[in-house]
Each structure stands twice: as structure tokens, then as C-alpha cells.
Amino acid sequence: MVQPQSRAHPGVGTGSGRVLTPGSSARANSAAAASVAAGTSIAVAGAVVAAVNRATLPRLTPGAQVAESVAVVVPARNEARRIADVVGDLRAQRGVPRLTVHIVDDASTDGTGEVARDAAGGDSRFTVVRSEDGPPAGWTGKAAACSFAFRERGGLPSDGVVVFVDADVRLGPDAIASAVNLLRHSGAALVSPWPRQVAGSLLERLVQPLLFWSWFSSLPVAVSHRSSRPSMVVACGQFLVVDGQAYAEAGGHAAVAGSATDDLDLARVLRRAGARTMVAAAAPHVSCRMYTGDAALVRGYTRWLWSAFGSPLGAGVVVAVYTLGYLVPPVAAITGSGRLRAWGLAGAAAAVTSRAVAAGTERGGRPTTGDVASAIAHPASVVVFAALTAMSLRLRRSGGARWKGRVLP
């Protein structure tokens, strides 16, 4: 038998037995509208910042000539498949007559050192050294390899420029000279020329664009470049160009020995010392396929993503903001109606705009229809990013973070 609804409590019955009154329904609708409006505001702000950054972000300019000494360090562990490419690129550099290259074979088991020597072809500018012992306690492998290069050279530099290049980076012939030229003309202690990130697998195509987009749509670089605040730093360790004296005074990589994000922390150390750091668009002169395949990407991101935002709380805040700004509006655009749907469409369009503008800038050109098509998948990218962040935090808590066969400090 169906009981009549009480007149004292008018409302709508739910499957769980709860009663949703008109007042609670209005509050729920109001909360939903506020969430969508807030998310859309975040997305629109991101699109505005991206547009401003596109106009103000420094770029590498070819044709520079560099008179001072430039020491390039390439840390390499089990990079036999790729080391010959970067060695060939470094041999082809022009405009840097006082270039030296120091390749550190970090206890590789795949013949990386031999491949590097063959690729150098007796070029007197190149030195290949092997570190047999692995990193000391509390050091990451990369920081230890970079420090080992200078121990082999007799100590940290007192002048000139130091360039750190990963083995998976590809360099155009003007890359080094133009990056050093930017460093000197800017007056910064560190310049991070951001390589175009090459993506192959579906997961790579979802995740890799976020590296550039994440700061490009949230941090006005013109403000960052005038600031010495460590919290506003941007750096990519794939390709770093550093004033030699500033690097030595900071303590070299010993200052960031145990950091999972040594690139960001090195820039922060320099800023705390009062120096300036800056980021620049390096395409089309520099590119990098950071990870090859889905498994490598998951291993790679989960080893360091926990540290990218300063703390677990910082990571949680970033994930919450991304969810609010880049998931809530598209969901409202699909499932909502009226004003809610209009707000959602506006937020989704702003997100696509920021992603497309970032993609075009990172590639060194204008946004294309392909960039727009890829940007439509931005909500999926945010979901994957959130999952990788959670995995990274769990891995860190369990002490199981590893990279290239080594447990990370």
C-alpha cells in the first residue's frame, strides 16, 4: 500500500528513502552553479595567461656567436640506443668555438660509454668518463653523475657557462649558442630552454602536453622572470644553461643531491641566493621524447611527481584546482541545461584555447586544428594526471620509488 505523503513535509522521495525538499533542491542547484562558475573562471584565467605568455615568452634565436668557454655535461645511464644521436648533435654545434663536452657513463650495463666514444669519433672536444660506484647515499643518480663530471675536470667551474643536456634530447646546430646568448643578454644565472615534447603512445599524447601547459597557463612568465621568489620558478632539466660561477657558488648539484626534481630545486637555490632564472621556448631547435611507451611514462612520472608541488598538500591543491577548472565545466556542458550548460561550454572552450595556444607555442608555431582536436581530450589528461599524482604519493610513502634499477632517496 502506498502511504500518502505528509503535508507537514512536502518534498520529493528518493530511492534511498530520503526526501529532497524544494529548498534543498535549490541549494544543490546553487552549489552546482557556483562550482561551474568557479571552474569556468579558472579556465578563462588560464586562457588569458596563456595568451599573454605566448606574446612575452623568450625564444631561442639562431645565429649567435659565443666567445666564452661552454662546458656541456651529458649524464647517461643505459642510454646506448640514444646517446649517439645527442653526441652527433653536439658535434654539429656552431657558434661555440670553445665548446667541451663531458659524457658521464653512469655505471651503464648496455655499453653506453663505448657507443658514445664511437659517436665522438676522436673529436678532441669530447670526453667520456665512467662512474662505477653509483650515487652516494642520499644522492640521485643524475645529481651524482653531474657532480662526477666536475670532479673529473678538477672541480666546479669558476667562469664560463655550464650546460646540462639529457641523452634523449635532440639539438639543432644553433641550440647551444642561442641558449648561451639568451643567458648572457638576459642577465639571468640560469636559463631553461624548454624542448618540444615528442609523444608517441596514446598515454604520452595525453600526459606530455601537460608539462608545458601546466605553467604556461598559470604563471605569467614576465612576472616570474623579474622575481627571485622560489615559488615562481620554472625549469626543465632536459636542457639547462647556467652561469658557471653562480653554479659553483650555489654548490653545484651537491646543493640538490637528493632532489627528485633537481632542475626546479637548482633554480630555487639560485633564486634564494638572489639570482634570476628564466624559461624560454626552445622549439624548433630542441626536442625530446622524455618517455618511450606507456610503462616508461608511468614509471617516470610516479618517481618524481610527488615532489613537483612542494608537499603532498600542494599536490592535492593542484589536483583539486585542475578538477574544478578542467573537469567540472565540461561535465556541466554535457549534462547541464540553461545557464549551467552555458557556463560549462564557456569553461570547456577556455580550456581548449589554453591547451591549443600552449601546444602551438611549445612547437614553435601557431596553434593548428590538430592542436584544437588534441585539446578536446584535456579532461582525460587531467584525470590521468590526478591518477599519476596519487600513484606517486603512494609510492613515495611506501619507499618504493625506483628509477633505472635504483631506489630513490
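The values are calculated or read from the model by the stated rules, or taken from the named source; none is laboratory data. Because the structure is predicted, anything quoted here is derived from the model rather than measured. So basically every Cβ, Gly included, is an ideal-geometry build from the backbone, and we count neighbours across all protein chains shown. Remember, those area values only see protein heavy atoms, side chains included, never the ligands or the DNA or RNA. Shrake-Rupley method; radii C 1.70, N 1.55, O 1.52, S 1.80 Å.
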Note on the stretch 78-112: residues touching a Lys or Arg at 6+ places or on another chain (Cβ under 9 Å), of a type in the set (D, E, K, R) and open to solvent by less than 40 Å² (accessible area, probe 1.4 Å) are ASP89, ASP105, ASP106
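Just need a number here: residues in the stretch 306-321 that are part of a helix (DSSP H, G or I) and either among the polar types (S, T, N, Q) or crowded, with 22+ Cβ neighbours inside 10 Å (or both). Walk me through it before giving the result.
So the first thing to find is which residues in the stretch 306-321 are part of a helix (DSSP H, G or I), and the list is 306-307, 312-321.
Those still in the list that are either among the polar types (S, T, N, Q) or crowded, with 22+ Cβ neighbours inside 10 Å (or both) too: 306-307.
Matching residues across the stretch 306-321 total 2.
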Over the stretch 134-167, the set of residues surrounded by fewer than 19 Cβ atoms within 10 Å (Cβ to Cβ), in contact (Cβ under 8 Å) with a residue 24 or more places away in the chain and basic (Lys, Arg) is ARG153
Flagged in the stretch 89-109 as among the hydrophobic types (A, V, I, L, M, F, W, C), under 20 Å from VAL129 (Cβ atoms) and more than 27 Å from the chain's Cα centre (by Cα), in numbering order, are LEU99
Item checked: Verdict on PRO409 being open to solvent by 40 Å² or more (accessible area, probe 1.4 Å), within 21 Å of LEU305 (Cα to Cα) and part of a loop (DSSP other than H, G, I, E, B) -> yes
Restricting the stretch 322-364 to residues that are open to solvent by 60 Å² or more (accessible area, probe 1.4 Å) and in contact (Cβ under 8 Å) with a residue 12 or more places away in the chain, the one nearest to ALA38 (Cα to Cα) turns out to be TRP343
Restricting the stretch 173-185 to residues that are in a helix (DSSP H, G or I), open to solvent by 10 Å² or more (accessible area, probe 1.4 Å) and out of contact with any strand residue (DSSP E or B) (no Cβ under 7 Å at 6 or more places or on another chain), the one nearest to PRO284 (Cα to Cα) turns out to be ASN181
Those residues of the stretch 365-395 which are in contact (Cβ under 8 Å) with a residue 40 or more places away in the chain, open to solvent by 50 Å² or more (accessible area, probe 1.4 Å) and not hydrophobic (A, V, I, L, M, F, W, C) amount to SER374
Scanning the stretch 288-302 for residues that are within 17 Å of ASP166 (Cα to Cα) and in contact (Cβ under 8 Å) with a residue 40 or more places away in the chain gives CYS288, ARG289, MET290, TYR291, THR292, LEU297, GLY300, TYR301
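Look at ARG170 and say whether it is in a strand (DSSP E or B), on the phi < 0 side of the Ramachandran plot and either in contact with a strand residue (DSSP E or B) (Cβ under 8 Å, 6 or more places away or on another chain) or free of Cβ contacts under 8 Å to residues at least 12 places away in the same chain (or both). I'd like the intermediate steps shown before the answer.
On the way: in a strand (DSSP E or B): yes; on the phi < 0 side of the Ramachandran plot: yes; either in contact with a strand residue (DSSP E or B) (Cβ under 8 Å, 6 or more places away or on another chain) or free of Cβ contacts under 8 Å to residues at least 12 places away in the same chain (or both): yes.
The answer is yes for ARG170.
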A careful count of residues in the stretch 212-231 that are open to solvent by 30 Å² or more (accessible area, probe 1.4 Å) and either touching a Pro at 6+ places or on another chain (Cβ under 7 Å) or in a helix (DSSP H, G or I) (or both) gives 6
Screening ALA260, ALA248, ALA235 for residues that are open to solvent by less than 40 Å² (accessible area, probe 1.4 Å), assigned to a loop (DSSP other than H, G, I, E, B) and in contact with a Pro (Cβ under 9 Å, 6 or more places away or on another chain) leaves only ALA260
Within the stretch 110-150, restricting to residues that are of a type in the set (Lys, Arg) and in contact with a Ser or Thr (Cβ under 9 Å, 6 or more places away or on another chain), the one that is farthest from VAL72 (Cα to Cα) is ARG130
Taking the stretch 273-305 and keeping residues assigned to a helix (DSSP H, G or I) and either surrounded by 17 or more Cβ atoms within 10 Å (Cβ to Cβ) or not aliphatic (A, V, I, L, M) (or both) leaves ASP294, LEU297, VAL298, ARG299, GLY300, TYR301, THR302, ARG303, TRP304, LEU305
Filtering the stretch 128-153 down to residues that are charged (D, E, K, R) and either part of a loop (DSSP other than H, G, I, E, B) or farther than 16 Å from TRP304 by Cβ (or both) yields ARG130, GLU132, ASP133, ARG151, GLU152, ARG153
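Go over the candidates ALA38, ALA43 one by one and state the one that is over 30 Å from GLY187 (Cα atoms), surrounded by 22 or more Cβ atoms within 10 Å (Cβ to Cβ), at pLDDT 95 or above and hydrophobic (A, V, I, L, M, F, W, C). Break it down into steps so the answer makes sense when it comes.
Working: ALA38 fails: surrounded by 22 or more Cβ atoms within 10 Å (Cβ to Cβ).
On inspection, the qualifying residue turns out to be ALA43.
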Output for Cβ contacts, cut-off 6 Å, separation at least six or different chains, first residue free of Cβ contacts under 8 Å to residues at least 60 places away in the same chain in the stretch 121-133, second among the aromatic types (Phe, Trp, Tyr) and outside any loop (DSSP other than H, G, I, E, B), reads SER131/PHE148
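Tell me which residues, restricted to the stretch 46-88, are within 30 Å of PRO135 (Cβ to Cβ) and either at pLDDT below 95 or in a strand (DSSP E or B) (or both). Can you show your working first?
Step one: list which residues in the stretch 46-88 are within 30 Å of PRO135 (Cβ to Cβ), which gives 69-88.
Once the filter is applied, which keeps residues that are within 30 Å of PRO135 (Cβ to Cβ) and either at pLDDT below 95 or in a strand (DSSP E or B) (or both), the stretch 46-88 yields VAL70, ALA71, VAL72, VAL73, VAL74, PRO75, ALA76.
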